[in-house]
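For reference, the structure is listed below as structure tokens.
The values are calculated or read from the model by the stated rules, or taken from the named source; none is laboratory data. What you see is a predicted model; the values in this text were computed from it and never measured. FYI the Cβ positions are ideal-geometry reconstructions off the backbone, even for glycines, and counts take in every protein chain you see. Only protein heavy atoms, including side chains, enter the accessible area calculation; ligands, DNA and RNA are left aside. Shrake-Rupley method; radii C 1.70, N 1.55, O 1.52, S 1.80 Å.
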Amino acid sequence: MSKKKGYRAQLNQDGSVKCWRVDITLGGKRFTPTCATEDVAIATVASLKDQHERGITLIPTAGSRGITLKEAFEQCYNDPEIGWMNTDHGKKQKYYAQSFYNQWGAKIPLTDITKKMWYEYTGQFQATATNNRRASCWNKITGYAVENGTIAPGDRLKIKRAKEKLSRLYAFSRSDEKSIKDACEQLGYEDLKDFITVLIDTGARAEELLKASAKDFQYFSDGSFTLNLYRYKTETDSNIGLKKRSQEILQRRGNSARFFMGSYKHFYRRFQHVKKILGKTTDKNWTFHVCRHTCASRMAEAGIPLAKVAAWLGHAPNSPVTSRYIHFYGAGKIDIAKTMDEFDTQLDNSENVIRIAVGDNK
């Protein structure tokens, strides 16, 4: 194929095609990534031209050097279609990228990082969920590099997400909640008392609630109202109802620029004082995020379908994450056992035969 097309075949000694080399100059910069097939080379040329026309900064490549880790990340981060630039989610990706730089150096060629190097890196950390988020960041960077032709598909290191173990399987009981509120009153932390109450009632993340204000109320003709929360993880808005006690709290606090004017550190430090009074200083289950678990658990125990719980929390329908959040209290488990006892009695006393299908037998 002619170089005028933007790519050409690289041949073996016997004349067979070894691979396809893109060779195109855009804005005075030359791009020469290697591709496994002609179709990939065609798509790479089209992608590079499209990005150049959209004004995306492209990093020139050469077979002897290859794109660096930092260059690959910055290309991905700066593409408006990725949506990382100047967002909270993008800040997290920058944090993970900096962790990569600290481990291997920002100027290491992207293709020099091996699977062994990756698992040596993640072996420093214990949290599977966090390592999966690191893997997602890495896969996005390398996937983008393949898409825009800066590395060949065969040179991409793709990391498989590990199966996450259930963790922090805890929800605050009513007595836990009362103890927290009593400690808040003892310390004079009325703002923290209101904050935790609303977190439990709404299932909001602490960061989401801290950004909310009266302008996020949505009123209806009957005088009722809901709250719009911005879900920073998915960068979407989510509308939820409010229990009476949370309505009263938020209306009372609605005259300020935000419902809760303190920073996350402000509330976190106060919560540490509460935990100290209650002897929970070293208890990893006692976090603001457990308020979200508590909301999900109480909704499930009240008989609300899982799909509706997921929608309330801002999860996808039937999200496995929602299932992880739902923890029945001991009373709920006792109720299930009682129901099964009643069913056993029904089986013993019923004149009708209750049949259970096994295989093809009916």
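Could you report the accessible area of Met261 in Å², rounded to 10, computed with a 1.4 Å probe on the protein chains as they sit in the structure?
Rounded to the nearest 10, that gives 100 Å².
At 222 nm, what helix-only mean residue ellipticity would the chain give, in deg cm²/dmol to the nearest 500, using -39500 (n - 2.57) for each DSSP H run of four or more?
-15000 deg cm²/dmol
Would you please give the FRET efficiency between Gln126 and Asp283, computed as 1/(1 + (r/R0)^6) with r the Cβ-Cβ distance and R0 = 22 Å, to the nearest 0.05?
Working: r = 18 Å, r/R0 = 0.81.
E between Gln126 and Asp283, to the nearest 0.05, is 0.80.
Per residue, how large is the accessible surface of the range 59-214? Use a 1.4 angstrom probe and give square angstrom. Walk me through the intermediate numbers first.
On the way: 7640 Å² over 156 residues.
For the range 59-214, the solvent-accessible area averages 49 Å² per residue.
Provide Glu207, Glu177 ordered by accessible surface of protein heavy atoms (probe 1.4 Å), highest first.
Numbers: Glu207 75, Glu177 5 Å².
I get Glu207, Glu177, largest accessible area first.
Quote the relative contact order of the chain in percent (integer), defining contacts as alpha-carbon pairs under 8 Å separated by 6+ residues.
Numbers: 429 pairs, mean separation 43.4, N = 362.
Relative contact order here is 12 percent.
What are the extents of the Cα atoms of the chain along their three principal axes, listed from largest to smallest and rounded to whole Å?
Principal axes ranked by extent give 82, 67, 48 Å for the Cα atoms.
Accessible surface of Ile42 in the full protein assembly, 1.4 angstrom probe, to the nearest 10 Å²?
80 Å²
As a test of reading the structure, rank Glu190, Glu71, Glu81 by solvent-accessible area (1.4 Å probe, protein chains only), most first. Please report the intermediate quantities before stating the final value.
Working: Glu190 95, Glu71 45, Glu81 135 Å².
Solvent-accessible surface, decreasing: Glu81, Glu190, Glu71.
Given charges of +1 on the Cβ of Lys and Arg and -1 on the Cβ of Asp and Glu, with all other atoms neutral, how large is the dipole of the range 47-147 about its Cα centre, in debye to the nearest 20?
Working: 13 positive and 10 negative charges, 69 e Å.
The dipole magnitude comes to about 340 debye.
Less than 19 Å apart at the alpha-carbon level, and either on another chain or at least 8 residues along: which aspartates and glutamates does that give for Lys18?
Those aspartates and glutamates meeting the cut-off are Glu38, Asp39, Asp155.
How big is the dipole moment of the chain about its Cα centre under a simple scheme where the beta carbon of each Lys and Arg is +1, that of each Asp and Glu is -1, and everything else is neutral? Debye, nearest 20, please.
Values: 58 positive and 40 negative charges, 275 e Å.
That gives a dipole near 1320 debye.
I need the shape label for the range 66-173. Rule: rounded when a/c is under 1.5, else prolate if a/b > b/c, else oblate, with a, b, c from the alpha carbon gyration tensor. Please report the intermediate quantities before stating the final value.
Working: a/c = 2.05, a/b = 1.49, b/c = 1.38.
Note, shape of the range 66-173 comes out prolate.
Taking the Cβ of Asp79 as the centre, find all other residues whose Cβ is under 14 Å away and add up their charges (Lys, Arg: +1; Asp, Glu: -1). Mind showing how you got there, number by number?
Working: positive: Arg54, Lys140; negative: Asp50, Glu53, Glu71, Glu74, Glu81, Glu147.
Around Asp79, the charge tally is -4.
Please get the size of the charge dipole for the range 228-295, origin at its Cα centre, with Cβ charges of +1 on Lys and Arg and -1 on Asp and Glu, quoted in debye to the nearest 20. Don't skip to the end; give the middle numbers.
Values: 16 positive and 4 negative charges, 62 e Å.
In total the dipole reaches around 300 debye.
What whole number of Å gives the distance from the Cα centroid of the range 250-326 to the Cα centroid of the range 104-138?
Comparing the Cα centres of the range 104-138 and the range 250-326, I get a distance of 31 Å.
Name the residue farthest towards the positive end of the dipole of the range 102-247 from the options Ser246, Ala152, Thr236, assuming +1 on Cβ of Lys and Arg, -1 on Cβ of Asp and Glu, about the Cα centre.
Selected residue: Ala152.
State the percentage of accessible surface on the chain attributable to carbon and sulfur atoms; use a 1.4 Å probe and exclude ligands, DNA and RNA. Could you put the intermediate results ahead of the total?
Numbers: 10660 of 20930 Å².
That share works out to 51 percent.
Given the range 1-56, what percent of its DSSP beta bridges are antiparallel, to the nearest 5?
That works out to approximately 100 percent antiparallel.
Just to verify a number: what accessible area does Glu74 come out at with the full protein assembly present, 1.4 Å probe, Å² rounded to tens?
The accessible area comes out at roughly 80 Å².
Apply the Karplus curve 6.51 cos²θ - 1.76 cosθ + 1.60, θ = phi - 60°, to the phi angles in the range 249-261 and return the couplings in whole Hz, x for Gly and Pro.
5, 6, 5, 5, 9, x, 7, 7, 4, 9, 4, 10, 7
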